[in-house]
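Report on one structure; see the data block that follows.
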Amino acid sequence: MNAEAAKPATPGPAMPTTAGGVTPAASRRKARPRIDLRRLGRAALLGSATRGRLPAAIGHVVEAHRAHHPDADVEPLRHAYLLAESSHRGQMRKSGEPYITHPLAVTLILAELGAETTTLTASLLHDTVEDTEVTLDQVGKEFGAEVRYLVDGVTKLEKVDYGAAAEPETFRKMLLATGNDVRVMSIKLADRLHNMRTLGVMRREKQERIARVTRDVLIPLAERLGVQALKSELEDLVFAVLHPEEYARTRELVDENGARPEDPLATAADEVRTVLREADISAEVLIRPRHFVSVHRVSRSRAPLGGADFGRLLVLVQEDADCYAVLGELHTCMTPVVSEFKDFIAVPKFNLYQSLHTAVTRAGDGQVVEVLIRTHQMHKVAEAGVVALGNPYAPPSEEQSEDGERADPTRPGWLSRLLDWQRGAPDADTFWSTLREDLAQDREITVFRPDGGSLGLPEGATCVDAAYAQYGEDAHACIGARVNGRLARLSTVLRDGDSVQLLMGQDPASEPSEEWLEHAHTPTARIAIQRRLAARPQPPAPDPQRTGTAARDTAAEASVPRPPAAGPAPRPAPDDVIADLPGATVRLAGCCTPVPPDEVTGFAVRGGVVTVHRVGCGAVARMRGTGRTEVGVHWGETAGCRVTLLAESFGRPHLLADLTEAMAQEGAQIVSATVEPPDRQRVRHTYTVLLPDAARLPVLMRAMRNVAGVYDVSRAQPQTTGV
């Protein structure tokens, strides 16, 4: 990593630093001050410590580590430092500092985020195999297979040409180097952060190249791995390099706000503390200033900025339930901005982030104050993401999942999908194009499954994307979907909060349609579809004798139960429906097919006929509007039930025989039946039946739905209006 090693930059527009030389993101966190690396370098040059004692140079690393892991064994850190220092001795950074200051700084970043001992040990050694005489075998022998694996992964990452990040194969190699352990990527992110902090000695062109790669690849990765602390600081550093003028203007805004005599956020924090204290809720209320990029984004949508726009309030509590108690008190005692409320506790983000977001309006000046509410553990994960979630090789303990299997904390859903994409993509171009689209997504929606689970999808995702997110390559057999209870096309764009039920076919050899690629927005869907289409054998020339075989077979089967007299339904008996017009002939309208006990009305038409409609039928309003004479009607005591039902099913042998048998067992007389030709294994059946009693209709429909392969039965709604 010495290719990016540089001396620390001086304060100025090129690098976002505070007056004391600390980057703004760091100055806004409650963390120990930045360690003087020159002092660490001098400590390193003094040589090894007394045997068994910690060298002074890693004292700050150990202190930060034990703040998160009080009982940690720090002997591996002492051992790793001594090997790294002796191996790198004589190597210097371009700034003139001993090279050991770089792995020390990277390790300190990870220690402050809460990384466990193995990660810190590998971080201290991460440059030794590449830049010194130390071998991987030596690392494995002295520190174990786990540290060896991590050091090897980071070393492989260094062989990836980040300067060619726009090339499809670059990122693929990066993922292959990472393997299944995200701790490799965590070390790389911390390494890039330290190199970005010390970028000022580089030529301007090289600064911009490194900043662009950081922006396009590493910042999106930090976001998806939930390492918000690294992401925010990297964003500010990139902002200063690539947009120095806008960075300077944003810095002026921050400085001007800091000079204001009153801070509305401080006043709001006191008000919130008072509310929670009176409600007997134990909570810590902090002010979270925005980092420079966040201030810049807000300034583009709100002008001029008020004092409350430069930060947010953070409320930390002990338990999940306390979060909702805090929310209730704030919304009761202050004026909430309802549109700003988001619950990421019930539905966490794809990168493990959990928090309640709300906003309240201050009574005095009307400024809107944003509030984040989370537990201390949620806050730790929000800041450090997967870095804070532990060792994937630890033995199962209280971290076991409900099924007894320990969920791998270092592989959140997105990383698992990422590794699957790189294995499944038919070529590097496909992988890269789909991945870049995913990295560019900065908004996510959540849709809910019928089983109570949920799916996180990018904004703009369709039912095709939902199918592959839920079923993987088994989604090739998807034939339709219900969105919020209604049948929907697979191309339907989903919205946040939608309920999605995916309808799956029975044929394991099903293949996706090429049209699905037009509606697939996620890499999971696009790569799976492209891979299946690429493997599809060329179909033989069509045989005219077999064209339409499936449709004819289905139609032939349908003809078996169809009554010989299939056709228009017989007119109901005179006492089925009674009209308040003596001598009138009563006819049931075909547009709404009323059946007992539907509420009905009638209209007199030519020939002394009264047509009977459901009261809610659309034709009723039209006929009233044209001045048709409305006639009162009611059901007779012996009224039977004639109804047209639409059944939707998968195609399978003997389906119609099973379905009509189930209908007959419920006393239904089939007056007519039609079956449409199959469309992608979906078959639509229309039945007009007579029942002796209208009360049997729900039972009949339930029996039809219980037939294997039938996934929906409903009352038919013809489009034409009968009179």
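Annotations
- Region 287-339: number of residues that are in contact (Cβ under 8 Å) with a residue 60 or more places away in the chain and exposed (fewer than 15 other Cβ atoms within 10 Å of the Cβ): 0
- Within the set Ser499, Ser510, Ser454, the sole residue that is surrounded by fewer than 20 Cβ atoms within 10 Å (Cβ to Cβ) and modelled with pLDDT of 85 or more turns out to be Ser499.
- Members of region 75-103 that are of a type in the set (D, E, K, R), surrounded by 15 or more Cβ atoms within 10 Å (Cβ to Cβ) and at pLDDT 90 or above: Arg78, Glu85
- Members of region 61-73 found to be surrounded by fewer than 18 Cβ atoms within 10 Å (Cβ to Cβ) and of a type outside the set (Lys, Arg), listed by number: Glu63, Ala67, His68, His69, Pro70, Asp71, Ala72, Asp73
- Selected residue (only one of Pro677, Pro692 is under 42 Å from the mean Cα position of the chain (by Cα) and either surrounded by fewer than 20 Cβ atoms within 10 Å (Cβ to Cβ) or over 21 Å from Ala477 (Cα atoms) (or both)): Pro677
- Any hit, region 253-276, residues being over 22 Å from Gln367 (Cβ atoms) and modelled with pLDDT under 95: no
- With respect to the conditions (1) within 25 Å of Pro348 (Cα to Cα); (2) surrounded by fewer than 22 Cβ atoms within 10 Å (Cβ to Cβ), Thr267 lacks only one, and its number is (1).
- Residue identified as more than 22 Å from Gly651 (Cα to Cα) and out of contact with any strand residue (DSSP E or B) (no Cβ under 7 Å at 6 or more places or on another chain) among Gly460, Gly456, Gly472: Gly472
- For Gly618, the criteria (1) surrounded by fewer than 16 Cβ atoms within 10 Å (Cβ to Cβ); (2) over 46 Å from the mean Cα position of the chain (by Cα) hold in every case but one, which is (2).
- Helices (runs of 4 or more DSSP H) completely within region 51-128 that count 3 or more residues being touching a residue at least 24 places away in the same chain (Cβ under 8 Å) and among the small types (Gly, Ala, Ser): 75-88
- Residue count for region 483-500, restricted to those that are over 9 Å from Cys463 (Cα atoms) and in contact (Cβ under 8 Å) with a residue 24 or more places away in the chain: 6
The values are calculated or read from the model by the stated rules, or taken from the named source; none is laboratory data. Computed from a prediction, not measured in an experiment: that's the story for all the values here. Cβ coordinates were reconstructed from backbone atoms using ideal geometry, including for glycine residues, and neighbour counts include every protein chain displayed.
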